[in-house]
1. Using only the heavy atoms of the protein chains and a 1.4 Å probe, how would ARG96, ARG74, ARG108, ARG12 rank by accessible area, largest first?
2. Between their Cα atoms, which of LYS48/LYS72; LYS15/LYS83; LYS72/LYS93; LYS37/LYS83; LYS37/LYS64 are more than 32 Å away from each other?
3. Percent of accessible area on region 1-73 owned by carbon and sulfur, 1.4 Å probe?
4. Which peptide among 28-38, 46-56 comes first, and what is the full order, when sorted by highest mean count of other Cβ atoms within 10 Å?
5. Tally Lys and Arg at +1 and Asp and Glu at -1 over the other residues with C-beta under 15 Å from the C-beta of TRP87: what net charge comes out?
6. Determine the dipole magnitude for region 1-113: charges of +1 sit on the beta-carbon of Lys and Arg, -1 on that of Asp and Glu, nothing else is charged, the reference point is the Cα centre, and the result goes in debye to the nearest 20.
7. Label-point separation (nm) for THR102 and LEU7, each offset 7 Å from Cα along Cα-to-Cβ?
8. Could I have the simple spin-label model distance between ASN52 and SER18, label points 7 Å from Cα toward Cβ, reported in nm to one decimal?
Amino acid sequence: MSDLNVLYLQGRLTKDASLNTLSNGSAVATLSLAVNKDYLDSSTNEWKKITNFFDISYWGESAKKNLSEYTKGREVLVEAELKTSSWEKDGKKFSRVEIRATRVRALRRPGEGKRANVAANGTQPASQGYSSPAPEAPDFDDVPPEMYDENGERIPF
């Protein structure tokens with residue numbers, strides 16, 4: 001039985017993806033991803049946000065073909081695997097863990113909101129009787145398996 005090495009990350013790109021072509025002709029795109037997590041601070045009973053940043057490599061023709069979609073601020077869903085590398089330099093041993101994308105799906109573009117019923121200024125539509133800003137709470141609407149792309153089509157993850 002084979003072991004499992006699968007990682008899913010959803011977040012926003014912190015800069016435009018960059019593409020490099022190696023001497024053997026292989027293409028590799030580098031993505032920088034910010035992933036937010038909302039949590040309730042038990043000491044203050046307030047919602048807080050923590051952001052983690054990840055560098056991701058995306059190898060092959062898919063990376064080259066879809067590179068124009070991976071611009072700063074774009075929300076993406078990444079399916080990846082972890083790969084370890086080790087080497088020795090000047091008698092010292094080094095190692096690192098790399099996140100290698102196997103699939104990347106572009107989701108919302110920058111400026112597209114998470115909820116269609118919240119206005120750009122963060123308030124609920126008047127027809128619903130709300131006039132105060134939307135509450136700062138985590139948005140669990142984006143958790144797989146119910147993921148949709150910018151055209152409203154379900155993402156088959």
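1. Descending order: ARG96, ARG12, ARG108, ARG74.
2. On the way: LYS48/LYS72 24 Å; LYS15/LYS83 23 Å; LYS72/LYS93 35 Å; LYS37/LYS83 24 Å; LYS37/LYS64 30 Å.
Long pairs (Cα-Cα over 32 Å): LYS72/LYS93.
3. It is 49 percent, rounded to a whole number.
4. Most protected by this proxy first, the peptides run 28-38, 46-56.
5. Working: positive: LYS83, LYS89, LYS92, LYS93, ARG96; negative: GLU88, ASP90, GLU98.
Net charge in that neighbourhood comes out at +2.
6. 240
7. 1.4
8. 2.4
The values are calculated or read from the model by the stated rules, or taken from the named source; none is laboratory data. Just so we're clear, the structure is a prediction, and the values are computed from it rather than from any experiment. Glycine also receives a Cβ, built like all others from the backbone with ideal geometry; neighbour counts cover every protein chain displayed. Calculation scope for accessible area: heavy atoms of the full protein, side chains included, ligands and nucleic acids excluded. Shrake-Rupley method; radii C 1.70, N 1.55, O 1.52, S 1.80 Å.
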